[in-house]
Amino acid sequence: MVLTIVKYGHPVLRQRGTKITTVTPEIRALVADMFQTMRAASGVGLAAQQVGKALMLLVADVRDSERPSTLEIGGKPVNVHDHMPMLLMNQVVTEPAGNVLGNEGCLSFPGISADIRRAEAITVTAMGLDGKTITFRCSGLLARVIQHEGDHLNGVLFLDRMDSATKVSLSGQLKRMARETQEALKAARKPSKSGSLAAARAR
């Protein structure tokens, strides 16, 4: 099922994810839906917060991108495509190396992109869908995606990593998006007239 991707201004995007201790049927269903949602949106990564769930869970798939990625498991290079799509739970990033500026967009910020500075290579330890721990090292786009989505898991947004000039140039768009999101949330919480009448009759 394709889920609704929440936009900037929704409070869940600022929530730190809860650690996943057990892979339940609900978690498996959420993962399947997140993969489908990411593909439908032509994205390369998606965090649980972006579909309204404050969990330490992200998915990624860089196969369709022209931007290069590398992946090493057990110190040996492997084919990135063989390990896509990728699911990570409770991820921990260590051993950052390099410092590169790269363009990023975000499914929760439609129409907005910016150059963001991140580590070129990272080591990742996480839990897979089988409940087992996985460790790998990656670089390039995959490392950028994991860092971007990993920020989401901690309530951090890519606008927090923009330089001041970029933030100023995008301030109008960001304020408008946040306002529209808040208005949509208020409208969703407000009971309809027909619903109020039905409740009144029930009483």
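Every number in this text was worked out from the coordinates using simple rules, so none of it is lab data. Note that the coordinates shown come from a computational prediction; the quantities given were computed from them, not determined experimentally. Heads up, the Cβs are rebuilt from the backbone with ideal geometry, glycines too, and the neighbour counts pull from every protein chain shown.
Across the stretch 56-66, computed HN-Hα scalar couplings (Karplus, 6.51 cos²θ - 1.76 cosθ + 1.60, θ = phi - 60°) run 7, 8, 9, 10, 8, 7, 9, 4, 8, 8, 7 Hz from first to last residue, x flagging Gly and Pro.
Do the alpha carbons of any pairs in Lys19/Lys132; Lys53/Lys190; Lys7/Lys175; Lys7/Lys186; Lys19/Lys53; Lys19/Lys186 sit beyond 19 Å of each other, and which pairs? Check vs 19 Å cut-off fails for Lys53/Lys190; Lys19/Lys186. Each listed q (0.07, 0.08, 0.12 Å⁻¹) maps to a log10 I(q)/I(0) for the chain from the Debye sum over equal C-alpha point scatterers, namely -0.24, -0.31, -0.64. Residues within the reach of a label modelled at Ser42 (point 7 angstrom out along Cα to beta-carbon, backbone nitrogen below 20 Å), restricted to the stretch 110-153, are 110-115, 141-142, 145. In a DSSP loop and with at most 13 other Cβ atoms within 10 Å, the trypsin sites (Lys or Arg not before Pro) in the stretch 78-151 are Lys132.
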